[in-house]
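Structure first, commentary second.
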Amino acid sequence: MLGTGLFKGLAVTFGQMTKKKITLQYPEERPDFGDRFRGIHEFIPELCIVCHQCARICPTSCISLSGTRGDDKKLRIDTYDINFEICILCDLCTEVCPTEAIRMTDQFELAAYSRDDLYKDMNWLYENHKQHGSYDQLQAAKRQAQRDQAAAVSANKGDES
Ligand code: SF4
Ligand code: SF4
């Protein structure tokens, strides 16, 4: 009986050894996440209109923000903090943001020794935008889509005439 179990175990082991490896040598190798991966946010202060929609929809109330009205009557963001101790990376805040000032990135490394370190402010989130943000790629893709659409429309007009 012992011999049968041993051979069964060895068969499983050798079977696994010949399979394609799916583990990565993290952190030297990093996973390639899909476009819709919901990682830690990027925030672009100049796009924020201080509408509070992100904070209102957040199910865990982990966003706090404040802004002031300038001489031109426009609201500008002063502080924007996310408490990643309770953020569940649900994406709702980015869904409702009318200006795409807040978006998810593929960044996922948040390990810290102190809970206080999990409060991320506007500067940190903006730095995350510069390092891991997808906003610029998104705008480039939108511009490309508009160019493609314009080219298709002018090609259609050429076919009709
Ligand atoms: S991802 Fe969800 S939980 Fe996190 S800040 Fe946005 S709305 Fe709140
Ligand atoms: S929803 Fe967008 S624009 Fe409105 S306060 Fe939040 S980040 Fe700023």
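Taking segment 89-111 as the search range and keeping residues that are over 19 Å from residue 44 (Cβ atoms) and surrounded by fewer than 12 Cβ atoms within 10 Å (Cβ to Cβ), which one is farthest from ligand 2 (Cβ to nearest atom)?
111
Which of the residues belonging to segment 67-88 are hydroxyl-bearing (Ser, Thr, Tyr) and either more than 19 Å from residue 127 (Cα to Cα) or away from ligand 2 (no atom under 11 Å from the Cβ) (or both)?
Selection gives 68, 79.
Being surrounded by 13 or more Cβ atoms within 10 Å (Cβ to Cβ) and either out of contact with any strand residue (DSSP E or B) (no Cβ under 6 Å at 6 or more places or on another chain) or free of Cβ contacts under 8 Å to residues at least 12 places away in the same chain (or both): is that true of residue 75 here?
no
For segment 25-46, does any single residue satisfy the condition of being aliphatic (A, V, I, L, M) and away from ligand 1 (no atom under 16 Å from the Cβ)?
no
The rows are residues; the columns are (1) more than 21 Å from the chain's Cα centre (by Cα); (2) outside any helix (DSSP H, G or I); (3) farther than 27 Å from residue 32 by Cα.
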site: 81; (1), (2), (3): no, yes, yes
site: 90; (1), (2), (3): no, yes, no
site: 110; (1), (2), (3): no, yes, no
site: 125; (1), (2), (3): no, no, no
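Being under 30 Å from residue 63 (Cα atoms) and of a type in the set (Gly, Ala, Ser): is that true of residue 39 here?
Against the criterion (under 30 Å from residue 63 (Cα atoms) and of a type in the set (Gly, Ala, Ser)), residue 39 qualifies.
Conditions: (1) over 22 Å from residue 30 (Cβ atoms); (2) at pLDDT below 95; (3) of a type in the set (A, V, I, L, M). Residue 57 meets all but one. Number of the miss?
It is condition (2) that residue 57 fails.
Is there any pair with a first residue in segment 14-36 that is touching a residue at least 12 places away in the same chain (Cβ under 8 Å) and closer than 23 Å to residue 132 by Cα and a second that is surrounded by 10 or more Cβ atoms within 10 Å (Cβ to Cβ) and of a type in the set (Asp, Glu) whose Cβ atoms are under 8 Å apart and which are 6 or more apart or on different chains, and what are they?
33/106
Within segment 89-145, how many residues turn out to be hydrophobic (A, V, I, L, M, F, W, C), in contact with a strand residue (DSSP E or B) (Cβ under 8 Å, 6 or more places away or on another chain) and in contact (Cβ under 8 Å) with a residue 60 or more places away in the chain?
Counting residues in segment 89-145 that are hydrophobic (A, V, I, L, M, F, W, C), in contact with a strand residue (DSSP E or B) (Cβ under 8 Å, 6 or more places away or on another chain) and in contact (Cβ under 8 Å) with a residue 60 or more places away in the chain gives 4.
The values are calculated or read from the model by the stated rules, or taken from the named source; none is laboratory data. Just so we're clear, the structure is a prediction, and the values are computed from it rather than from any experiment. Reconstructed Cβ throughout: ideal geometry from the backbone, glycine too, with neighbour counts over all protein chains shown.
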